[in-house]
1. With a/c under 1.5 counting as rounded, go ahead and sort the stretch A:36-117 into rounded, prolate or oblate using the C-alpha gyration tensor (a ≥ b ≥ c being the square roots of the eigenvalues; past the cut-off, prolate if a/b is larger than b/c, else oblate).
2. Taking K and R as +1 and D and E as -1, what net charge do the other residues with C-beta under 15 Å from the C-beta of B:ARG116 add up to?
3. What trypsin sites (Lys or Arg not before Pro) in the stretch A:1-58 are in a loop by DSSP, with at most 15 other Cβ atoms within 10 Å of the Cβ?
4. Count charges around A:ASP68 for me, please; just the other residues with Cβ under 11 Å from its Cβ, Lys/Arg as +1, Asp/Glu as -1.
5. Can you give the FRET efficiency for B:VAL520 and B:THR51, using 1/(1 + (r/R0)^6), R0 = 35 Å, r = Cβ-Cβ distance, to the nearest 0.05?
6. For the stretch B:110-151, which trypsin sites (Lys or Arg not before Pro) are both in a DSSP coil and crowded by at most 14 other Cβ atoms within 10 Å?
7. How would you rank B:159-165, B:560-566, highest first, on the average number of other Cβ atoms within 10 Å across their residues?
8. For the full complex of protein chains and a 1.4 angstrom probe, list B:GLU548, B:GLU581, B:GLU37 by accessible area with the highest value first.
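The values are calculated or read from the model by the stated rules, or taken from the named source; none is laboratory data. Model, not experiment: these values are computed from the prediction. Heads up, the Cβs are rebuilt from the backbone with ideal geometry, glycines too, and the neighbour counts pull from every protein chain shown. Quick note on the areas: whole protein, heavy atoms, side chains included, nothing else; ligands and nucleic acids left out. Shrake-Rupley method; radii C 1.70, N 1.55, O 1.52, S 1.80 Å.
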Amino acid sequence: MNRKAKFIAGGLVIIAALGYLVYAGVSQSSVYFVTPGELQAAPVAGKAYRLGGMVQPGTLKWQPKSLDLTFALSDGQASVPVRHKGAPPDLFAEGRGAVVEGTWSGDGYFKASLIMAKHSEEYKAPHEPSQSGYKELLKTLRGDSRDETRTR
Amino acid sequence: MIPEFGYAASVAGLLLAVYGSAAAAVGAHTGRPKLLESSEWAATGVWVFVTGCMLLMVYAFLTFDFSVRYVAVNTNRGTPFYYRITALWGALEGSIILWTWMLALYTLIVVRKYRRRQPEFYPWVLAVMLGIAAFFLLVMTIPAPPFERLSPVPPDGRGLNPLLEDSGMITHPVALYLGFTGFTVPFAFAMAALIIGRTGDEWISITRRWTIIAWYFLSLGLLIGGWWSYHVLGWGGYWAWDPVENAAFMPWLTGTALLHSVMIQERRRMLKLWNITLIIATFGLTIFGTFLTRSGIIGSVHAFTQGSIGQFFLAFLALVLLGAFSLLAWRLDRLKAQGELDSILSRESAFLLNNLFLVAAAFTVFFGTIFPLLSEAVRGVKVSVGAPFFNLVNIPIFLALLFLMGVGPLIAWRRASADNLRRNFLKPVAAGVVAAAVLRLLGVGNALVLLCMGLVVFVTGTIVLDFFRAARARRRSGDGWRAATMGLLLHQNRRYGGFVVHLGILVVALGVAGSQAWSVQTEATIDKGQSVELAGYTVRFDGLEASEESNHGKVTGTFTVSNGGGPLTVLYPAKKFYPQEQTPIAAVDYRLGFLQDLYLVLGDFGQDGSHATIKVQVNRMVSWLWIGGLILTLGAALAILPDEKRPA
């Protein structure tokens, strides 16, 4: 084998190894985006999901002593009960959008390991410049790269 | 009046940029100096008008001119003075002004610096840079006009996003954008090189320092962004593989590859095609990053839309790539390598591997970031890969890069002899192995951490060895140790500046490994007078206090921290209540340390002040990231010093 062929072969081995890493990474850490309706239709216990919806009013319960946070995420039709250990994150409230990451427990609830609260559609500015400007304000808010907070 | 003036200034800037770009190109092509001269005036005009836009906007912020929608959205009467200035880049439209202004500034410097020195490159460089400036001015005019009027004029504004009221937000975007726009200079020179057919090393040696400057600011921007995330967002981390972070990280990776691969071209006349491809990729990624974060396509998984700005950036990106690669294809015959690889054990191949891994890292980050789009397009399922993917894939790549960081600078060019290898690497390898063994005996069980720390010691060993030998050689010619050290740093500033940057990266690597492996946290709700314990610290809750700040209300907790030896400090994590937000925002408090930070987040509290939910984190070695950043700054400063200082 001449020198050039050796280099190409070496490069291919490295690229194959990297390709395998990517493949392994994807299969180990895929998180499926679902709505409450999609999750209720076909829940798979133990699979990683990212569930997005609105925190259903009247369902948010926070027990400081045990750090138990429970609420239901809804998409208007279906609703999924969610449990999380830890204080509610910033920007998290009833009637607002939230995305949770975790797994389906198999016992009828979603076990969230990460809550991402979003600035909600329901947002109202206290000094709202004008009614027509409201949607625009929202847009600008979304333009900010960091309009979510994380809690683990 | 400000909206009208501002709009007029951006339109005037746009017209001048378009004219200047065309005039420079035509002037260069037809050899008419008058035309070229007029394009220089156009470049100055662009800078003046963009500066005008910026000053007008700052003035509007300082005078609370809420007839400008951008001002009304990003400030209110309670916003503190400094944040009223930095609110300029608090959201999309203003950031575009800042970006365009920096680009115009770089263009002006290029005009001043190269009009006489590089008469052949310079007109085309000017044409490319003004063309890019024209695009940003177009964005300022059509899809994201910063001076949009708000009518009727509201009595007060909405206020800056509270998360942006932080010192990190003053410097982070500035550093990041100086980095992003900085890569325009080498890109423009590369394009000019293709156009005039001088595809040798000239564009590389002219832009070497520009590339380092851009790279340095990008690095600084990333680190300050990490610091902001760490001390503002309250999750105790500094990097989340968020698409926004990835967008800035990708050009950093390809830019780093470029900084290394140009050395191979200078020395061995190889990789000409590759270097041009790398600068195109780096510049393209700065545009792609803006597209990614501003178009909302990634957020689209949960329905964010941003109007037409995404389409503008995508179209521009397509234009840039098409143009650049067409030029490349046209000049392909002039980009043949003159040297070739002699051996796998050579500096060339170490650098080649370095490039392969850096580009692979950029590719995997790219792949992971756009994965939700890919999976939706291909399989119809929305799937994302999160931090575990990026960590799994990138940790081996970065460990390999650490290893190469030790090998590359010392291994011989062309073909390393057994003697060269023994002489340069025996001691550092031994040091690395011994260090890993000692850490293992001290109880470090994590194999990746051991490997990382062993590699860091190995690389440090190679740097110390090389520096020591070079200093000793200088001493033989009569210098004292101090003079020898300074002489090396100042006169061989390119090599040793690079080494200092490497040391900074090593310190950052230790910080990343240590913080990922050893940080611990707990969360608990405690009554007044009760304590939480974590890692030898006792955190006692002493009470709550409410206060009224200039633009928000605040509930502050008092927590007394002690360790075995008695009281240590008092920390005040708080919750801030901004009128423009419906829910409070946590303000963390921390005690930074060399080996560990104590970090408190107030989660929730009883309305009567009787109890509080507190998250306590002991974050290990996070400070090393910031210290590494300082070392990196020093190294980059050395590397930027002019080459001319080198003695004959």
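1. oblate
2. Surrounding charge for B:ARG116 is +1.
3. Hits after loop and neighbour filter: A:LYS47.
4. With Lys, Arg at +1 and Asp, Glu at -1, the neighbours total +4.
5. For R0 = 35 Å, the calculated efficiency reads 0.10.
6. Listed in order of number, the matching sites are B:ARG116, B:ARG117.
7. So the peptides B:159-165, B:560-566, ranked by packing, come out B:159-165, B:560-566.
8. B:GLU548, B:GLU37, B:GLU581
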